[in-house]
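Just below is one structure, and these are the notes that go with it.
The values are calculated or read from the model by the stated rules, or taken from the named source; none is laboratory data. Note that the structure is predicted; figures quoted are calculated from it, not measured. Don't worry about glycine lacking a Cβ; one is built from the backbone with ideal geometry, like all the others, and counts go over all protein chains shown. Remember, those area values only see protein heavy atoms, side chains included, never the ligands or the DNA or RNA. Shrake-Rupley method; radii C 1.70, N 1.55, O 1.52, S 1.80 Å.
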Amino acid sequence: MQRRQVATIAGKEFWDRIRSLWVLAIALVFTVFALVIAYFGGAQQGMVGFRSMEFTIASLVSLVIYLIPLIALVLGFDAIVGERERGSLDLLLSMPITRFELLLGKYLGLAAALAFSTVAGFGLVAVVLASHLDLNGLAHFGLFMASSVLLGLAFLSLAVSVSVFASDRTRASGLAIALWFFFVLMFDLILLGVLVVGSGGTGGDWFAWLLLLNPADVFRVLNIASLDEVGALYGLATVFPRQLAHPGLLCAVLLAWSVLPLSIAAWRFRR
């Protein structure tokens, strides 16, 4: 593999997103939503103003689980199939570059744009809230930002995989939306339905392991289980085994979700 070829493709993808102001728009969305949640998240309880980093992160987790997977899927669903429909894929492959280098370069460029917008958006929030935070709060917010980036990379990997397997952009967009519905909206409902139907006796022992099959749930557990106060409110402290809720292990699972779909896409794209 030629690293220069990969870096060239990745750089083009990244700067295309910068020039289209896509990165700035996403970063602005993250900043505005996060600040509104931080200062007005307790308005329903009659409280306005910053409460604590734990409650802010707990509220932001729900926002991120909806937004970042959707943004990542929209960003990557036409990475390959779009080039194929525009007729530029054959031109790219006629150059001295392999199919794997092209795929990896596109993924890394899009991943860099998504990671940059996430860190810039939430990093600005950390600067604004810095006067309210101690070192422990900053560490929790740093873990939240890092895990948000990993969540985006996982769904971007799924999107690029869809782009390789789909025959046209219409099917690719449909598959991307279906993936969002399944992982963000349906997966937990199915698990809870199985538990309710089985009166807790079916799948109860495997519930924590099954949550690892959904990167959105892994992200939720990673952030909520590490916060003692809100973790107890969410009930995760009793449902999820403490040894399985280790931040290093959960980050590794999210990283695996980034590598596995991209590896399958690379295998399919080479054929």
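Data table
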read-out: Test: residue 147 is among the hydroxyl-bearing types (Ser, Thr, Tyr) and farther than 25 Å from residue 18 by Cβ; value: no
read-out: Pairs, first of a type in the set (Gly, Ala, Ser) in the range 245-256, second part of a helix (DSSP H, G or I) and surrounded by 14 or more Cβ atoms within 10 Å (Cβ to Cβ), C-beta under 7 Å, six or more apart; value: 245/221
read-out: Segments classed as helices (runs of 4 or more DSSP H), wholly inside the range 51-116, with at least 2 members that are closer than 17 Å to residue 144 by Cβ; value: 53-76
read-out: Set 197, 149: member being farther than 21 Å from residue 67 by Cβ, among the β-branched types (Val, Ile, Thr) and open to solvent by 20 Å² or more (accessible area, probe 1.4 Å); value: 197
read-out: Residue 40 of a type in the set (Phe, Trp, Tyr), surrounded by fewer than 16 Cβ atoms within 10 Å (Cβ to Cβ) and at pLDDT below 80; value: yes
read-out: When residues of the range 205-239 are limited to those that are outside any helix (DSSP H, G or I) and open to solvent by 10 Å² or more (accessible area, probe 1.4 Å), the one modelled with the lowest pLDDT; value: 235
read-out: Among the residues listed as 110, 129, the single one being crowded, with 17+ Cβ neighbours inside 10 Å, closer than 17 Å to residue 75 by Cβ and of a type outside the set (D, E, K, R); value: 110
read-out: Qualifying position, being part of a helix (DSSP H, G or I) and more than 20 Å from residue 219 (Cβ to Cβ), among 130, 159, 146; value: 130
